[in-house]
Ligand code: SF4
């Protein structure tokens with residue numbers, strides 16, 4: 001085997017990260033004996049097995065757990081298998097009571113896992129963290145070696161290393177998409193270097209791109225990788241494999257990589273290289289290492305990466321421009337339809353939850369009409385802007401082509417705040433688009449940012465009123481506190497937004513500490529209270545707010561809940 005690409009714990013229990021089958025297929029098309037392994041879902045089932053949870057229950061019992069904790073432990077041990085099975089059953093998303101119970105059991109399991117570590121880590125089906133680990137690279141290094149706090153040392157030694165030794169890949173890649181994967185991924189990298197010292201090792205993924213400025217400060221002693229890929233991985237991996245496996249070319253010519261130098265990592269070229277989406281291959285979803293039956297969904301939603309970047313790319317708080325240099329690219333429509341047809345034939349699923357930053361309405365309309373012309377029976381969802389291009393005829397065609405859900409970044413319904421955010425959304429356009437979606441049967445998700453530095457209580461009140469006024473045409477609401485994201489225009493020029501950066505007290509995180517000097521703006525420390533009050537006020541109109549729809553990374557059951565059959 002030339003190359004094995006691994007998605008480490010703790011990822012999404014509803015879907016494999018889309019880069020895994022996409023990159024594997026790309027490398028195979030380039031002639032590499034490439035394979036994939038979603039180690040994340042295997043880890044989930046290991047830690048959320050009845051036997052593992054029973055062991056945790058004994059530990060908390062031995063340490064004098066109170067009645068409440070023991071009750072949660074008993075529920076987790078006794079009901080975990082049934083809860084996991086229920087989320088996989090056909091029609092699961094339509095049975096809200098069952099669904100709520102299953103999430104409660106998963107939460108109980110998380111409480112038990114965390115309690116059994118006696119607070120040394122926080123671990124549930126979507127999170128993993130070791131408190132204080134990312135205060136600095138020293139503390140991160142300590143966490144990676146602490147067998148008491150870091151359960152992945154034992155898990156990898158027992159369950160991953162033997163298999164990796166047998167598979168004998170010449171090179172291994174580890175892709176990090178979420179913060180929750182950071183400590184497990186670095187732990188695995190260190191174990192691989194110790195246990196399989198001859199194996200070439202490369203790390204990459206969207207999370208590392210989002211924390212790019214810290215990546216160049218990672219001590220190479222902490223992360224003993226041969227290279228780190230930022231931005232698009234396809235051509236970078238192909239070129240890197242040519243150097244390390246076939247001895248062709250030079251590391252200095254590999255695009256998008258950082259290489260170890262003088263104790264840290266140095267970018268080979270400051271200019272990102274973008275993959276031409278016309279050259280990528282149809283993702284491979286059924287080969288060994290990816291078992292679609294293991295995910296907690298009634299039917300697998302295929303994550304076809306049909307576009308990258310954002311066609312707007314200018315919002316002040318967003319780091320998408322950092323990740324893609326604002327270059328919006330999409331797969332040509334004929335190729336997209338062919339990809340859908342091929343993956344449907346391969347998997348038997350006709351669900352597509354498109355992992356895109358923001359699909360242009362013109363392009364989405366073209367895709368919808370092509371799906372209709374090809375007579376494909378699909379159900380799909382995507383993330384989009386409230387763009388005036390979503391006219392009623394466009395929305396009608398999208399609905400006819402199988403669009404079940406559009407997720408919109410409203411962020412605010414206050415024109416002053418929207419302008420400060422450099423967000424092109426207009427509340428009246430948003431209102432009209434939401435109305436069209438409701439009329440044509442497309443479910444809608446609306447995301448809001450609370451606490452933008454110049455936002456006043458009055459401005460946030462306008463957003464609250466908008467959500468209440470449109471409760472008949474909004475299905476899901478997500479409220480996120482504002483955070484200053486590395487690589488965003490605001491992080492590059494904080495003074496222009498009335499904020500200044502405070503000394504960084506953490507590494508490898510996507511939120512920078514700042515002080516807000518805007519006299520009318522809300523203070524960041526007040527946000528949890530403000531958001532809780534906002535949610536409390538909205539619950540009368542959105543009873544499931546903050547529960548089912550946001551219960552997982554990406555709210556993974558949201559899409560099944562929108563589909564005709566609910567699975
Ligand atoms: S917030 Fe959304 S619309 Fe704005 S630049 Fe980022 S991806 Fe594009």
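The values are calculated or read from the model by the stated rules, or taken from the named source; none is laboratory data. Just so it is clear, the model here is predicted, and its values are computed rather than measured. Glycine gets a Cβ as well: all are built from the backbone with ideal geometry, and neighbour counts include every protein chain shown.
Below, the figures for the structure above:
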quantity	calculated
Single condition residue 281 does not satisfy, out of (1) more than 16 Å from the ligand (Cβ to nearest atom); (2) in contact with a strand residue (DSSP E or B) (Cβ under 8 Å, 6 or more places away or on another chain); (3) under 18 Å from residue 347 (Cβ atoms)	(2)
Selected residue (criterion: nearest to the chain's Cα centre (by Cα)) from residues of the stretch 371-386 that are touching a residue at least 40 places away in the same chain (Cβ under 8 Å) and within 22 Å of residue 328 (Cα to Cα)	381
Residues that are within 16 Å of the ligand (Cβ to nearest atom) and surrounded by fewer than 21 Cβ atoms within 10 Å (Cβ to Cβ), drawn from the stretch 422-443	422, 424, 426, 427, 429
Residue in the stretch 369-376 that is more than 15 Å from the ligand (Cβ to nearest atom) and either within 30 Å of residue 215 (Cα to Cα) or out of contact with any helix residue (DSSP H, G or I) (no Cβ under 8 Å at 6 or more places or on another chain) (or both) present	yes
Residue pairs meeting the criteria (Cβ under 7 Å; at least 6 apart or on separate chains; first closer than 24 Å to residue 417 by Cβ, in the stretch 304-316; second modelled with pLDDT under 90 and near the ligand (Cβ under 6 Å from one of its atoms))	310/320; 310/357; 310/358; 311/358; 312/358; 313/320
Any hit, the stretch 327-343, residues being within 14 Å of the ligand (Cβ to nearest atom), outside any helix (DSSP H, G or I), over 21 Å from residue 406 (Cβ atoms) and modelled with pLDDT under 95	yes
Those strands (runs of 3 or more DSSP E) lying entirely in the stretch 464-543 with at least 2 residues within 29 Å of residue 431 (Cβ to Cβ) and touching a helix residue (DSSP H, G or I) at 6+ places or on another chain (Cβ under 8 Å)	476-481
Positions within the stretch 359-401 being closer than 18 Å to residue 424 by Cα and assigned to a loop (DSSP other than H, G, I, E, B), in sequence order	359, 360, 385, 386, 387, 388, 389, 390, 391
Residue count, the stretch 344-358 (criterion: more than 16 Å from the ligand (Cβ to nearest atom) and part of a loop (DSSP other than H, G, I, E, B))	3
Residue 447 being out of contact with any helix residue (DSSP H, G or I) (no Cβ under 9 Å at 6 or more places or on another chain) and either away from the ligand (no atom under 14 Å from the Cβ) or in contact (Cβ under 8 Å) with a residue 60 or more places away in the chain (or both)	no
Qualifying residue in the stretch 460-467 (condition: free of Cβ contacts under 8 Å to residues at least 60 places away in the same chain and within 27 Å of the chain's Cα centre (by Cα))	yes
Whichever residue in the stretch 388-406 is within 16 Å of the ligand (Cβ to nearest atom) and buried (at least 23 other Cβ atoms within 10 Å of the Cβ) and, among such residues, is nearest to residue 450 (Cα to Cα)	406
Output for the stretch 488-528, where each listed residue is modelled with pLDDT under 90, surrounded by fewer than 15 Cβ atoms within 10 Å (Cβ to Cβ) and over 26 Å from the mean Cα position of the chain (by Cα)	519, 520, 523, 526
Count of the stretch 546-567 residues which are part of a loop (DSSP other than H, G, I, E, B), at pLDDT 70 or above and touching a helix residue (DSSP H, G or I) at 6+ places or on another chain (Cβ under 7 Å)	1
